[in-house]
Amino acid sequence: MLLDVGGKTDIGLRRAKNEDSFCVEGNSGLLVVADGVGGGASGDVASKMAVELVRDYLLNGDKGSAVNTDYREEFSFTTNKLAMAVKVANKAIHNASVKSDKLNGMATTIVVGLVHDDRLSIAHTGDSRLYLIRGEMIEQLTDDHSLIAEQIRKGMMTPEEAKEVGMRNVITRSLGYSGEVEVELGELTLYDRDVLLLCSDGLYTMVPDNTILRTIKSLKNPDEACSRLVEFANKKGGRDNITVVVAYIYKKRWFSFLSNIFKMRRR
């Protein structure tokens, strides 16, 4: 599989600073979004550290600094490595937090997708999301680790009721809050012309899934799709930082065909 990827982050209309971070590595298939937690507690530092540490671990190796004692046999080696990358990042963020008064209490969400051959490995903690768009369907592949989401899963509240309350941003898992973190994992097979979308809550709390789906399906340029979705979120009020990563998945024959069309249009 080949990836055509793009990403965009925006401060939104209500926040004093942008605490989101992201990474797209088309050649290695790595996609990451992190949303800093805590406002004044250096959430921007935490999210940047998370993205950089996960990227470094996956692309450059762990240099023998960590051993995965929680290997899960139901998942592939790649997915387990992804989990270890997130745990290493968590430990580093937590250690930095407890050693500095300025950074004390910093934390971040993270969602990571890694495409390898025709498989997608997923690791996440917090309420940043990864969606799969296949055909005319959009599916959320990650479960939010938030108080609202847990109440919905337990049947204590409906999704409609959740929209009327102000507790959505109370997350129940994050990187950096403690020295250990539970990382939720997933993996699946990808097919030609699937689309992956990773985002912070600044997008999905403002823009409904059907609008996200229509936007992705109507555009084939990932940077343009990201910019359009950020624009929609700001038009709806831009209450939070907004980060979007989009990856169009192609088999080589389709990617070469589309690339030639785009080149012809630019002449």
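The values are calculated or read from the model by the stated rules, or taken from the named source; none is laboratory data. From a predicted model like this one, the values you see are computed outputs, not experimental measurements. Glycine also receives a Cβ, built like all others from the backbone with ideal geometry; neighbour counts cover every protein chain displayed. With ligands, DNA and RNA removed, areas are computed over all heavy atoms of the protein, side chains included. Shrake-Rupley method; radii C 1.70, N 1.55, O 1.52, S 1.80 Å.
Listed values, structure above:
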{"item": "Qualifying strands (runs of 3 or more DSSP E) (wholly inside the range 77-152; at least 3 residues being open to solvent by less than 10 Å² (accessible area, probe 1.4 Å))", "result": "110-116, 119-125, 129-134"}
{"item": "Any chance Thr172 is among the β-branched types (Val, Ile, Thr), farther than 28 Å from Ala83 by Cβ and free of Cβ contacts under 8 Å to residues at least 40 places away in the same chain", "result": "no"}
{"item": "The one condition in (1) outside any helix (DSSP H, G or I); (2) open to solvent by 10 Å² or more (accessible area, probe 1.4 Å) that Val245 fails to fulfil", "result": "(2)"}
{"item": "Qualifying residue in the range 180-190 (condition: surrounded by fewer than 15 Cβ atoms within 10 Å (Cβ to Cβ) and at positive phi)", "result": "no"}
{"item": "Flag if Lys8 is modelled with pLDDT of 95 or more, over 15 Å from Val181 (Cα atoms), basic (Lys, Arg) and open to solvent by 30 Å² or more (accessible area, probe 1.4 Å)", "result": "yes"}
{"item": "Number of the condition not met by Glu160 [criteria: (1) in a helix (DSSP H, G or I); (2) closer than 24 Å to Asp194 by Cβ; (3) of a type in the set (D, E, K, R)]", "result": "(2)"}
{"item": "Number of positions in the range 11-38 that are open to solvent by less than 40 Å² (accessible area, probe 1.4 Å) and among the hydrophobic types (A, V, I, L, M, F, W, C)", "result": "6"}
{"item": "Where a residue in the range 178-203 is more than 13 Å from Gly7 (Cα to Cα) and among the basic types (Lys, Arg) and its partner, wherever it lies, is in a helix (DSSP H, G or I) and at pLDDT below 95, with Cβ under 9 Å and at least six apart", "result": "Arg193/Trp254"}
